[in-house]
Amino acid sequence: METKNFNEMEASEIAKAIVSKFSEMNGSNFIGVRGYENDYKELANYILIADFKWVKAVEKSVAILNSLTESDFNTMAEKSGCCNVSGIRYSNLAEGKLYLESGKLPKEGTKARDKVLESIKVTKTLAEYRDAMVQQLLNNLDPEKRSAQSEAQIEAYLRIEKDGKIIPSIKVHKLNKTIHIWAMAHSKDIIVNGVYPESEKRLEAKQKDAIEKYCKYTFKDAEGKCAELPVTKYRNLVVNYNQMAEVVAKGDTITLAE
């Protein structure tokens, strides 16, 4: 039988070959990704925990979020300067902001008017936004409550099996034939810094950032460690076989194999 090289193999075959590179240590599987470039030209090496369950990450993240107190929200609002009051009308749309300032609307019955009115929202406190984050996480675990976008994402991928079990961290896009590693980042080593454009974040994004950064850098868990939300550590990397590397333990450090 003729042996195929990786350029000729089907994406699903390559994905299975990548799974064979998983390195088991202390009951977990790790995989390395060399020279991964993102959309902003950042180049980095990753070590990923390949079998950390998304459900477990959600449950732990929800527990952390629900343990935040009013004092925590006041502190994060003070540190970040983001909104922590409810009931104020706002818009992320330039035309909506103009309407709120001037009271003027486009002509009645026009799409422009509808667009402006649909853009008007009401602020939430950080506690209320936390509750919305929790609900969204829980909804996407429940097949009856998943968003249409989440369902479409699930249907778009072919899952890979090993020994009769689905490997949760690797999947193949059915249409594009691209291989995706969906796993929790253990560590990241930046080789080349990316160029990230400055842009004004929406109010909701600022609140989400404030909560996530507070958990990562300020809020302490029962062991006195910063309680970074596990769901924020997940990465979806589009990879090829040549980028994949096994990892090894050097003392207490896990690093890419030479």
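Tabulated results
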{"quantity": "For region 209-258, average projected area of the Cα convex hull in nm²", "calculated": "5.6"}
{"quantity": "Anchor LYS233: aspartates and glutamates whose Cα lies under 13 Å away (excluding residues fewer than 8 positions away in-chain)", "calculated": "GLU212"}
{"quantity": "Leading residue at positive end of dipole, region 172-258 (Cβ point charges), from ALA205, TYR217, ALA257", "calculated": "ALA205"}
{"quantity": "Per-residue HN-Hα couplings for region 64-79 [Karplus 6.51, -1.76, 1.60; θ = phi - 60°; Hz; x = Gly/Pro]", "calculated": "5, 4, 6, 8, 5, 10, 4, 4, 4, 5, 5, 5, 5, 5, 5, 5"}
{"quantity": "DSSP-loop GluC sites (Glu not before Pro) across region 180-249, with at most 13 other Cβ within 10 angstrom", "calculated": "GLU198, GLU200, GLU223"}
{"quantity": "In Hz, Karplus ³J(HN,Hα) per residue of region 160-177 (6.51, -1.76, 1.60; θ = phi - 60°; x = Gly, Pro)", "calculated": "9, 10, 9, 6, x, 10, 6, 8, x, 9, 9, 8, 10, 6, 4, 7, 7, 6"}
{"quantity": "GluC sites (Glu not before Pro) within region 20-113, DSSP loop, no more than 14 other Cβ atoms inside 10 Å", "calculated": "GLU108"}
{"quantity": "0 to 90° range, to nearest 10: angle between helix 203-217 axis and the chain longest Cα axis", "calculated": "50"}
{"quantity": "Set LYS53/LYS250; LYS21/LYS165; LYS79/LYS124 screened for pairs whose C-alpha atoms are more than 21 Å apart", "calculated": "LYS53/LYS250"}
{"quantity": "Only Lys, Arg (+1) and Asp, Glu (-1) charged, at Cβ; the chain dipole about Cα centre in debye", "calculated": "520"}
{"quantity": "Hydrodynamic radius by Kirkwood, which averages 1/r over all alpha carbon pairs of the chain, in angstrom", "calculated": "21.5"}
{"quantity": "Positive-end residue, the chain charge dipole about Cα centroid, Cβ charges, pick of THR178, CYS226, TYR40", "calculated": "TYR40"}
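Read-outs: derived from the displayed coordinates by stated rules, not from any lab. Remember, it's a predicted structure, so these values are computed and weren't measured experimentally. Reconstructed Cβ throughout: ideal geometry from the backbone, glycine too, with neighbour counts over all protein chains shown.
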